[in-house]
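What follows is one structure encoded as structure tokens, with my remarks underneath.
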Amino acid sequence: MPIQSLPFGKHLATKERLELFSPKSMNKQFETYSTSAELSGGVKDPFAVYSDNRIKNMDAFAALKTPDDKTVGDKMQATTQAVIDVKAAVEKALTPDPKTAEAEKDFKNQVKYLNKLIHQEKPRFSMGAIGSYLQEANGQAKDVIKVQQKIEKDNLVALFSDPTFKTNLKDSLGLTTDAHIQDKQKEMVDALDKSQAEELKKFEDSVSSEVIEIHRQAQRERDRISYIATMYHNNEHMKRAIDEMITKRDQNIEETMAEGEININQEGLAFFKGIKVEDIPVIETITGREIKVNKDENGKAISFSMQLPRFDPFYYSSRHQKVDYDLTSLASAVKACGHNRITTAVTHKDEEYAMELGRKAFEAALKAGFTETVTDPKDPTKQIPAIKIKVNGQEKTAEQLFSSSYTTSSREQKSTSLETRLKTIRSEAAEDAKKREAYAKTDNPLNAKTEFEKIKKAVGEEKAKGMAAKDNDVDPGPAPVSPVH
């Protein structure tokens with residue numbers, strides 16, 4: 001079918017059903033079913049990275065040179081009493097202070113109790129508030145680490161005022177003069193400073209990555225829940241398929257739970273908990289067109305396909321933009337499966353029509369919430385394309401897709417230039433992104449600050465219970481894990 005005979009003209013377009021995928025509409029669906037959101041795996045111990053990477057002994061100084069052009073590491077291989085005493089003295093100097101050890105234990109308990117709260121059925125706390133709580137806890141942990149690092153440095157410096165340590169160090173490393181001792185002290189303190197800076201950097205990076213990952217999971221859950229809810233209420237075939245999955249899920253819960261009450265229903269707001277988009281046996285677009293999903297060996301959706309009709313006057317001549325609906329439905333399904341990048345390949349023998357489909361696929365990806373670029377997972381300093389469009393086997397940039405040299409449709413050119421169209425959709429996408437971010441920060445049902453205080457209070461209560469159980473020699477048991485995954 002030649003493009004001239006297809007009603008892509010704006011005077012025929014009605015796009016009200018695209019509003020179903022708008023930030024406002026999707027957020028409304030998420031609000032309704034917000035307690036279906038889950039944080040897989042919980043959060044990590046804020047001290048774990050620090051504990052694993054902190055310097056603990058003479059190994060931190062192994063690369064330093066000795067007067068005979070060997071290394072401290074080489075010298076520490078000896079089994080003389082002097083070497084043994086030097087190792088013991090340095091290890092003691094770098095041992096965590098009792099207050100630090102107590103603070104580390106306290107933070108580990110906080111994380112344990114936080115994870116317990118995350119996985120309980122109710123009250124349900126938003127992942128945004130959980131991320132805020134973790135960030136504050138890690139800020140406190142950072143202060144403790146800085147104090148510990150100062151203690152370690154002071155202890156190391158103090159060793160060089162101990163005549164016995166200096167004698168043992170001379171014998172161990174072959175130092176013959178006081179100048180050698182002074183040089184070695186400076187080198188060791190400098191090495192300690194460098195190692196501690198690296199420790200703190202790794203800790204900060206770990207904290208940042210953890211909080212970012214929580215917010216990423218929160219956004220993926222928003223995408224999953226709002227998409228499922230939207231399709232559930234707007235596609236009868238998918239509704240029936242999802243209802244069957246929910247029935248099976250609830251039966252499995254009842255069979256596996258030894259005790260406790262399960263109350264998962266539409267009014268209970270946890271209706272879509274544990275429902276993965278890629279596992280829904282029937283996935284269709286808003287217009288009812290089938291979306292086929294291919295999975296890898298782990299069951300993760302890796303490719304999606306949809307066939308547009310070759311010739312269907314009712315489809316292409318409808319005053320509703322069914323092509324837009326279907327491409328946006330398809331892109332939203334990909335987003336709801338947890339992907340942050342999308343590649344859409346369109347093929348058609350009419351090159352101009354194929355290019356228009358490519359443009360619409362690009363618009364659909366932006367409408368579904370994809371950004372044009374994302375951080376390269378292999379190199380955090382680089383950005384890579386998040387939306388790729390292939391037209392008849394050739395990848396096209398946005399600028400190529402929306403270049404007026406690719407169209408001869410007088411109707412298209414009269415309405416607006418393609419360059420202006422690209423500028424407009426990018427502007428709309430930027431506004432939508434701001435709205436999504438604003439909705440995510442609100443992270444209903446509770447005000448973020450109020451909920452943050454509720455989490456702090458709840459963690460404190462769980463901590464008090466744990467201490468009481470310990471005093472009574474009662475094991476509070478592991479944090480319960482949600483039976484639905």
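Every number here is computed from the coordinates shown, using simple stated rules; none is lab data. None of the values given here were measured: they were computed from a predicted structure. Positions of Cβ are generated from backbone atoms using ideal geometry, with glycine treated the same way; all protein chains shown enter the neighbour counts.
Points to keep in mind about this one:
- Model label sites at Lys108 and Lys87, defined 7 Å from Cα along the beta-carbon direction, differ in position by 2.5 nm.
- Out-of-range pairs (alpha-carbon distance over 24 Å; input Lys201/Lys457; Lys360/Lys423; Lys292/Lys423): Lys201/Lys457; Lys292/Lys423
- Taking packing as the residue-averaged number of other Cβ atoms within 10 angstrom, the listed peptides 23-30, 459-466 run from highest to lowest as 23-30, 459-466.
- Convex hull volume of the C-alpha atoms in region 61-178, normalised per residue: 140 Å³.
- Sorted largest first, extent of region 148-238 alpha carbons per principal axis (Å): 87, 21, 15
- FRET efficiency, 1/(1 + (r/R0)^6) with R0 56 Å, evaluated for Ala197 and Glu431 via beta carbons: 0.85
- Residue-span extension gain [Thr167 to Thr381] - 0.36 nm each, minus C-alpha spacing: 72.2 nm
- Annotation: extensible slack from Glu453 through Lys349 equals 31.4 nm (criterion: 0.36 nm per residue apart, minus Cα-Cα distance).
- Peptide packing for 90-99, 52-61 was compared via the average number of neighbouring C-beta atoms within 10 Å per residue; ordered from the highest value, the list is 52-61, 90-99.
- Difference of contour (0.36 nm per residue) and Cα-Cα distance, Gln140 to Lys70: 21.1 nm
- Annotation for region 172-233 versus region 29-104: alpha-carbon center distance of 12 Å.
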